[in-house]
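The values are calculated or read from the model by the stated rules, or taken from the named source; none is laboratory data. Here the structure is a predicted model, which means the values were calculated and not measured. All Cβ positions, glycine included, derive from the backbone under ideal geometry; neighbour counts span all protein chains shown. The accessibility values were calculated without ligands, DNA or RNA, using every heavy atom of the protein model including side chains. Shrake-Rupley method; radii C 1.70, N 1.55, O 1.52, S 1.80 Å.
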Amino acid sequence: MIQLIGFFLQFISRPLFLVSGYALSIYCFSILSGYPTNAKMISNAYSLKQIDEREADLLVKCAHHGSFSFIVYFVGMTIFHDIRIGFLLELAHILPTLIYFLISSNGKSEKMTWCNAWYPFSSAIYQHKIFDIIKDSLKECMIAFIYIFGFMLVCKVSLISLSHLFNSPIILFLNGALEFSSGIILFNGSAYSYHIKLLMSVFYLSFGGLSVFLQVYQLMDHTPFHFKSYLFFRCFHALASAFLVFIYLMN
């Protein structure tokens, strides 16, 4: 499916972003799918030579988003009880990566032909491999879920251990740095002001947390992955998103 969507997106991606249609389709899907599915898509696309090393390195930084449904509906409606806040957080979350994606792309990408896009999809149907593809996808999903819950458990155990060393306010801030979803839930149950809760929520969403870092690292073990630059961009993404929300709150 990414091949087909990438074919049409290349007419935007190649002149505007200087990347292939595959790369732009992965970026778009990362907004919908969230952590760590984005890392799996990048790893698969690189192993299949659908994207090159330059695009893989760029996508590791930019295609790093919490899922649209989690941000807009869960955080916006369930936690803040306002869907407009959900869309505000989503916009502040996406905008820094989109701007970086626009200004940091360089080089050229090969033009994708319709045959290259359609053949893998059509041959899978013609050769009755569609069920094999579904089976393989389910296996990959199960492996991803094992990593997700495994690393989340590690972070939870680490937090319990740290709670014996630090006081409650420090643990409250550390929670989101280790695992962003539980960090957002716990922080919004604290006595901090509404504005601080908004700022910390978008900061945690864009930063991702140690649990996400470990998941991405594991899923991209065969892909070009510069952890220092990845970590630096996570800090930039978190601060830029929080700054955008801060500007909104000042108006």
Segment 62-81 - residue that is assigned to a loop (DSSP other than H, G, I, E, B) and open to solvent by less than 40 Å² (accessible area, probe 1.4 Å) and, of those, farthest from SER241 (Cα to Cα): PHE80
Residue in segment 16-28 that is polar (S, T, N, Q) and at pLDDT below 75 present: no
Single condition SER229 does not satisfy, out of (1) surrounded by fewer than 17 Cβ atoms within 10 Å (Cβ to Cβ); (2) within 19 Å of the chain's Cα centre (by Cα); (3) of a type in the set (S, T, N, Q); (4) more than 24 Å from SER104 (Cα to Cα): (4)
Per-region count, segment 208-230, residues within 17 Å of ILE42 (Cα to Cα), aliphatic (A, V, I, L, M) and in a helix (DSSP H, G or I): 4
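Yes/no matrix, rows are residues, columns are (1) without any contact (Cβ under 8 Å) to a residue 24 or more places away in the chain; (2) open to solvent by less than 50 Å² (accessible area, probe 1.4 Å):
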position: LEU24; (1), (2): yes, yes
position: TYR27; (1), (2): no, yes
position: SER43; (1), (2): no, yes
position: LEU48; (1), (2): yes, no
position: ILE51; (1), (2): no, yes
position: ARG54; (1), (2): no, no
position: ASP57; (1), (2): no, yes
position: VAL60; (1), (2): no, yes
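Could you please find all residues in segment 34-61 being outside any helix (DSSP H, G or I) and within 17 Å of the chain's Cα centre (by Cα)? Can you show your working first?
Residues of segment 34-61 outside any helix (DSSP H, G or I): 34-36, 48-52.
Within segment 34-61, GLY34, TYR35, PRO36 qualify.
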Residue match in segment 93-111 (condition: at pLDDT below 75, open to solvent by 30 Å² or more (accessible area, probe 1.4 Å) and either touching a Lys or Arg at 6+ places or on another chain (Cβ under 6 Å) or of a type outside the set (D, E, K, R) (or both)): yes
The one condition in (1) open to solvent by 60 Å² or more (accessible area, probe 1.4 Å); (2) closer than 16 Å to GLY176 by Cα; (3) of a type outside the set (Val, Ile, Thr) that LEU214 fails to fulfil: (1)
Near pairs, Cβ below 6 angstrom, 6+ apart or cross-chain, from segment 190-213 (under 14 Å from ILE79 (Cβ atoms)) to any residue that is of a type in the set (S, T, N, Q) and in a helix (DSSP H, G or I): VAL202/SER241
Segment 159-189 - residue that is assigned to a loop (DSSP other than H, G, I, E, B) and hydrophobic (A, V, I, L, M, F, W, C) and, of those, nearest to THR78 (Cα to Cα): PHE166
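So if I check each of ALA191, ALA242, which one is among the small types (Gly, Ala, Ser) and open to solvent by 70 Å² or more (accessible area, probe 1.4 Å)?
Numbers: ALA242 fails: open to solvent by 70 Å² or more (accessible area, probe 1.4 Å).
None of the other options fit; the residue is ALA191.
Okay, residues lined up against (1) open to solvent by less than 90 Å² (accessible area, probe 1.4 Å); (2) of a type outside the set (Ser, Thr, Tyr); (3) over 23 Å from HIS237 (Cβ atoms):
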residue	(1), (2), (3)
ILE146	no, yes, yes
MET152	yes, yes, no
LEU162	yes, yes, yes
LEU165	no, yes, yes
PHE173	yes, yes, no
SER181	yes, no, no
